[in-house]
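K.L.:
Take this structure first; my questions come after.
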Amino acid sequence: MPPPPLTLLLPAYNEAEALPPLLAAIAETRANALPGLSVIVVDDGSKDNTAQIAREFSQDWVKLIQHSRNMGLAQAMRTGIAAALETAPPDGLIASMDADNSHQPRELALMLDKLNTGLDVVIASRFQPGAKMQGIPPHRQLFSNVLSLLFQLLAPIPNVRDFSCGYRLYRASALRRAADRWGDRFITEQGFACMTEILLKLSLLSDLKFGETPMDLRYDRKPGVSKMKVWQNIKDTLALVWRHRWAGG
Ligand SMILES: Nc1nc2c(ncn2[C@@H]2O[C@H](COP(=O)(O)OP(=O)(O)O)[C@@H](O)[C@H]2O)c(=O)[nH]1
Ligand SMILES: [Mg+2]
């Protein structure tokens, strides 16, 4: 039986430099392991050639959606998930990945194997034995370590250690249930905390199973600087865990 169609979302803001090597690596993975793979690049009002590069890649399995102005990672995820759900069959799969060329497309095959052990969400995790990381600034490393411990303590999800990584594989049916249940309130965050919010919301649905695969994070390949506003993200994340734990979501 052929594997179910998999739509990979790439939220992209000013990723013109990172996209060519990333799209080439995705094409290789598609040819070698995942023939059902298609890509949606969500260009979020980039000021560089992000959209042009996605367009020029001109493969029928790459689709470009553009925001006319920069609306932030959360809005890009809302747009991307809604577009992917429109076409996903009941057994379809939806993945997301940073567009900064620090995540490795070939790990998708490993994530799919893991999903097929009976899971609904698989996270490429910096906290699984075997995970590797190159080029992470110490303050970012510290931030993700603290965040992982905080969530394991205050908002634990069985088998989840990496709550904030954007590289994930979901069953479309899981995202559809969340979209049906919360509608416009599925993703309420504005910034990077949306990634954690997606996971927390999914954990409130009954019978979903989560898992992780070890990630090989190549932050050293990322051109330019991180777009994460660290202090804003810390504030948003603390407010999120507070609402989830003590204020009923
Ligand atoms: N759509 C959209 N994506 C963004 C924005 N800021 C960052 N991103 C994307 O979100 C992902 C994560 O950002 P990145 O700089 O890689 O964060 P880091 O890896 O945590 O340092 C990348 O794919 C970015 O292109 C934004 O304002 N809008
Ligand atoms: Mg990144």
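Read-outs throughout are calculated quantities, based only on the coordinates presented, and are distinct from any laboratory measurement. Quick caveat: nothing in here was measured; it's all calculated off a predicted structure. No Cβ is skipped: glycine too gets one built from the backbone with ideal geometry, and neighbour counts run over all protein chains shown.
K.L.:
Counting other C-beta atoms within 10 Å, which of His139, His244 has the fewest, and how do the rest follow? Please list the in-between numbers first.
P.N.:
On the way: His139 8, His244 19.
Lowest count first: His139, His244.
K.L.:
Still on this structure, please answer the following. Only Cα pairs under 8 Å and at least 6 apart count here; give the relative contact order of the chain as a rounded whole percent. Before the final figure, lay out each step's value.
P.N.:
Details: 435 pairs, mean separation 59.4, N = 249.
It rounds to 24 percent for the chain.
K.L.:
Further question on the same structure: Between Val122, Val62, Val146, where does the largest GNM mean-square fluctuation fall for the chain, given springs only between Cα atoms within less than 10 Å?
P.N.:
Comparing Val122, Val62, Val146 in a Gaussian network model of the chain, the most mobile one is Val146.
K.L.:
Test of the criteria: in region 151-249, which GluC sites (Glu not before Pro) are in a DSSP loop and have at most 10 other Cβ atoms within 10 angstrom of their Cβ?
P.N.:
In loop regions of region 151-249 (DSSP not H, G, I, E or B), there are no sparsely surrounded GluC sites (Glu not before Pro).
K.L.:
Next up: Quick one: what does P(r) look like for region 6-246 with 10 Å bins over all Cα pairs, in whole %?
P.N.:
In whole percents, the pair-distance histogram is 7, 34, 41, 17, 1.
K.L.:
Right, another one. Return the long-range amide H neighbours of Leu8 (sequence gap of 5 or more, or a different chain), with a cut-off of under 5 Å between placed amide H atoms.
P.N.:
Ser38, Val39, Ile40, Ala95
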